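As structure tokens, the structure follows; a few thoughts come after it.
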Amino acid sequence: MISQRDHVSHPKFRYVSIIWVLLLAVLLTACSKGPGTPAASAEARKPVVSIMAPLHFPHPPHEDVVQEIERRTGVELEIVWVPNEIYTDKMNTSLTTNSMKKVTFVKNTDYVFLKTSIRSGAFWEIGPYLKDYPNLKHLNTDILQQAAVEGKIYGLYTERPSSRQGVILRKDWLDALQMKEPGTIEELYEVIRRFTQDDPDRNGQHDTIGLTDRNDLIYGAFKTLSSYFGAPNNWGVEGERLIPEFETQPYFDTMDFMKRLYAEGLMNQDFAVTSKQMQRDLLIRGKAGVYIGSMTDVQRLADEAQKINPEAEFTVVNRIKGPTGYHVWSIPNYNGLYLFSKKAIPTEEELRRILQFFDSTMEKDVANMLRYGFEGRHYLVKDGKVVLPEESSQKRVTEVNALHALMIADLSNPNLMRVSEGEPLMEFAEQLSQDNEKFIVKDPVAHLESATYDERGAALYKIVSDATYNYMLGHIGKEQFREEIRRWREEGGDAMIQEYTKAYFGE
């Protein structure tokens, strides 16, 4: 018979006692992390913010940068990065299949096509909530109203200057041909011609073109050129009525200019089907010397071109004088909006948590992380300002820059540190963007609404864009182009003109 003392010391029972001690320790540990403790509760309540955002760079941001943003904002991010070239199609697909993320970025140019969904209640009206957040309550009311639908606020805006449009050029090619920067449309044509015909890279071969362009009448070369020729920005005001830009003489002049470049072989012959990436690639590889579009693209284009050819030099021009002086088209001061899906965000409580995330992105530690990355690794601080070392430039491009798309109201955010020694081409492009403000051409209907445009705008625009490309490619003449415009009027254009005219003149 085993005594009480033996009972304790017997190996069999000793093992049982150890097991019970271990089980008790596990239970106590579990209890210490149970739902009643702050740490466990915070983890359990950590909100998931799913976002669909455009990718403007070759790579999505580095995982550890995203993780640091999550840590600083207290959320779990699920970001679907969609290449900018296919973003509109992907966004439309998610809208039509009712599979939108909680938060979806909508480009300024696509926003009008979502207004029907907004009116039908697919997205949260966020205006009444903004006052509850320390940063969101200071958003620019003018910009918010630019994007309002029937006076109601639905989106958080990404900010941009009125116009960054201009001309990016190979400076070393200008120097090789002993040419100065163009200042008029005629001089711009001559640069494009000689970049094609006069061997600007001095390799003894006929292997360059002047202009590289893409299948985009708005952010490609066409609309910027049309403003140089004096075309209105989408709509013009004549007397007591509005007229569409494509019924004006400057629009025809622009088509004729592009048609001439195409017919003379001074630009890429497949421009009507060329993507932005392919357009950029022609400039980067030294096959083309002129890029008309956003001037702030210049730094990245130059950095990538110099990896292939260290001798490549670039410059930027914003003042191209046309028949009636200097003009450049502008957009409202938002590049796009983040909208909040009611299906994916079923409760007001969850909406408030997601708005809190965006409010947090405007705080100093998060905003600077989104813009510049890790201090020491991606940037330095000197006298309270950011220094961007050239040796870490590639790291910023591949690891950080994609996150710029998540920044709201960044141009006017006082918590964002300013750059003291910025990248020279980028700084120059920003200066010229500010200079553009002196002669911008605004869209007179940017803040107005047309039911026909909301319902049929995409189909009607396709009639015009197809006709414009076919004219520039030489497939149709002026009378056939006018016939297509008559079809545009019959299929809804006349109604759109009447609606915008009534809204503009307040009839």
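Rule-based calculations on the coordinates, nothing more; no lab input. Quantities reported herein were computed from a predicted structural model and do not represent experimental measurements. Neighbour counts are summed over all protein chains in view; Cβ atoms, including those assigned to glycine, are modelled from backbone coordinates with ideal geometry.
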Report summary line: Expressed in angstrom and ordered largest first, the alpha-carbon extents of the chain along the principal axes are 114, 61, 43
**Report entry** Compactness of region 169-211 as Cα Rg over 2.2 N^0.38 Å, two decimals
**Finding:** 1.04
Query raised in the report: Using a simple charge model, +1 on the beta-carbon of Lys and Arg, -1 on the beta-carbon of Asp and Glu, nothing else, what dipole does the chain show about its Cα centre, in debye to the nearest 20?
Result: 1760 debye
Report summary line: Longest principal axis of the chain (C-alpha) makes with the long axis of helix 494-505 (C-alpha) an angle, in degrees to the nearest 10, of 80 degrees
Query - Gain on full stretching of the segment that runs from residue 349 to residue 287 - 0.36 nm per residue minus C-alpha separation - result: 16.9 nm
Requested in this report: With a ≥ b ≥ c taken as the square roots of the eigenvalues of the C-alpha gyration tensor of region 373-429, please select rounded if a/c is under 1.5 and otherwise prolate if a/b is larger than b/c or oblate if it is not?
Outcome: rounded
Query raised in the report: Could you give the distance between the Cα centres of region 267-329 and region 147-220, to the whole Å?
Result: 4 Å
Report task. Express the C-alpha Rg of region 284-402 as a ratio against the empirical globular expectation 2.2 N^0.38 Å, rounded to two decimals. Result -> 1.48
**Report entry** With 5 Å bins from 0: P(r) over region 116-228, alpha-carbon pairs, percent
**Finding:** 2, 9, 15, 13, 10, 9, 8, 7, 7, 8, 7, 4, 1, 0
Report task. Using the Kirkwood radius over Cα pairs, work out the Stokes-Einstein diffusion coefficient for region 95-163 at 4 °C and 1.567 mPa s, in µm²/s as a whole number. Result -> 98 µm²/s
Report task. Output the peptides 255-261, 201-207 sorted from most to least packed, where packing is the average of other Cβ atoms within 10 Å over each peptide's residues. Result -> 255-261, 201-207
Report task. Sort region 199-256 into rounded, prolate or oblate with this rule: let a ≥ b ≥ c be the square roots of the eigenvalues of the Cα gyration tensor; rounded if a/c is under 1.5, and if a/c is not under 1.5, prolate when a/b is larger than b/c, oblate otherwise. Result -> prolate
